[in-house]
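To start, the structure under review is shown below, and the notes come after it.
Nothing in this text is a laboratory measurement; each read-out follows from the coordinates by a stated rule. Remember, it's a predicted structure, so these values are computed and weren't measured experimentally. Positions of Cβ are generated from backbone atoms using ideal geometry, with glycine treated the same way; all protein chains shown enter the neighbour counts.
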Amino acid sequence: MIISASYRTDIPAFYGEWFMNRLEAGYCLAVNPYGSRITRIALDRESVDGFVFWTKNLRPFLKHLPEIRRRGYRFVVTYTITAYPRALESSVVDADRSVETLCRVAEQYGPRTCVWRYDPVIITSLTPPEYHLRSFERLAGRLSGATDEVVISFAQFYVKTTRNMAQAAGRFGFSWHDPAEEEKRTLVRRFVQIAAGHGMKLSLCAQRHLIVEGAFDARCVDAQRLADLGADMSPVREKPHRKECGCFESRDMGEYDTCPHGCVYCYAVRSRKIALARFKAHDPTSEFLFPPPPHVLETVRHGCRQLPLFGQALSHE
């Protein structure tokens, strides 16, 4: 099984100690965000085909990568670098430092280990299309040779995303909008040209309707990439997480509302205040990244015989 760590939060940036503790224990417990079911995710070498690390700041986690490899695990680093202004990303590490970190990983583990995400593409008065083209060109030039793929998608405005964007716009005095599809495709065409000029293919995450000539369908959880890095991926099958998703089957060990980066467009966090509170309450020795309420946990524990693996809920009498 491929383990995603994690599209729900930034484990490498904030929860590296917890991850290594769980790797040593050989499992973690996770709370399903839809129904609060508890699952046991096996992390022993025999159960894990590879890890996909999603992050906006890998630097705190670099010290752990040699040990992860020593234990025989293969991994892919999916690194989001957008260089957005602080009004949109209040606490994300400087983009130039992130570029340096990703290049360092590519030098040590090879460029197939690294995937650059320029995601989401969000059009505001601070980041109009011209801003994106300049920023994308600059970042692609610096990452040339460090990766062979850049993944993009355009922001999707869920209820909480719209609320957080509106609050930030009022606070920092900018405007924003969801562009028409043809405007998006025009930008994608330019991105494809820039990426190709720096030795990268460009893929779109779960937005196949925006694919243009030269672009591809993203597989953010990519068994082939892990296989190229030496993992045995023969039993892994494609299993999209949502409509227009090209990912392979995986299990995510993260938890929503735990990433304190403060990105106002984020789908995984209701508010930075909640995320900060959870981050401060985090126990790196816990089986959970962030446990369910005590009464829920006690009810489940007293009513179960064993902790089943992966996607099964704890069984009740």
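Straight-line reach from Lys63: taking Cα to Cα under 18 Å and skipping same-chain neighbours fewer than 8 places apart, the aspartates and glutamates in range are Asp10, Glu17, Glu24, Glu100, Glu107.
Just to be sure I understand: of the beta bridges DSSP finds with both ends in region 2-302, what percent are antiparallel, rounded to 5? Approximately 25 percent, going by the DSSP bridge assignments.
Checking the table Lys160/Lys201; Lys243/Lys273; Lys160/Lys239; Lys243/Lys280; Lys56/Lys239; Lys160/Lys273 against a 23 Å threshold on Cα-Cα, which pairs fail?
Beyond 23 Å between Cα atoms: Lys160/Lys201; Lys243/Lys273; Lys160/Lys239; Lys243/Lys280; Lys56/Lys239.
The dipole here belongs to region 2-302: it is taken about the Cα centre, uses +1 on the Cβ of Lys and Arg and -1 on the Cβ of Asp and Glu, and is about 480 debye.
Helix-only estimate, please: 222 nm mean residue ellipticity of the chain, summing -39500 (n - 2.57) across DSSP H runs of length 4 or more and dividing by its residues, to the nearest 500.
-10000 deg cm²/dmol
Assuming 1.002 mPa s and 20 °C, estimate D for the chain with Stokes-Einstein, Rh taken as the Kirkwood radius over Cα pairs, in µm²/s. Result for D is 106 µm²/s. How many angstrom separate the Cα center of region 38-97 from the Cα center of region 231-269? About 12 Å separates the Cα centre of region 38-97 from the one of region 231-269. Any aspartates and glutamates with Cα under 19 Å of the Lys184 Cα? List them, leaving off those in the same chain fewer than 8 positions away. Those aspartates and glutamates meeting the cut-off are Asp119, Glu130, Glu137, Glu213, Asp217, Glu244.
Considering only alpha-carbon pairs that sit under 8 angstrom and 6 or more positions apart, the relative contact order computed for region 98-223 is 27 percent. Considering only Ala275, Trp116, Cys220, and ranking their Cα positions along the charge dipole of the chain that arises from unit charges at the beta-carbon of Lys, Arg, Asp and Glu, the one farthest toward the positive end is Ala275.
Residues Tyr15, Tyr27, ranked from the fewest to the most other C-beta atoms within 10 Å, line up as Tyr27, Tyr15. For the chain, what relative contact order do you get, as a whole percent, if you take Cα pairs closer than 8 Å and at least 6 residues apart? Relative contact order for the chain comes out at 24 percent. Between the listed residues Phe290, Val76, Ser4, the Cα displaced farthest toward the positive end of the dipole of the chain, a dipole computed from Cβ unit charges relative to the Cα centre, is found at Phe290. Among Glu89, Glu137, the order by Cβ neighbours within 10 angstrom, fewest to most, reads Glu137, Glu89.
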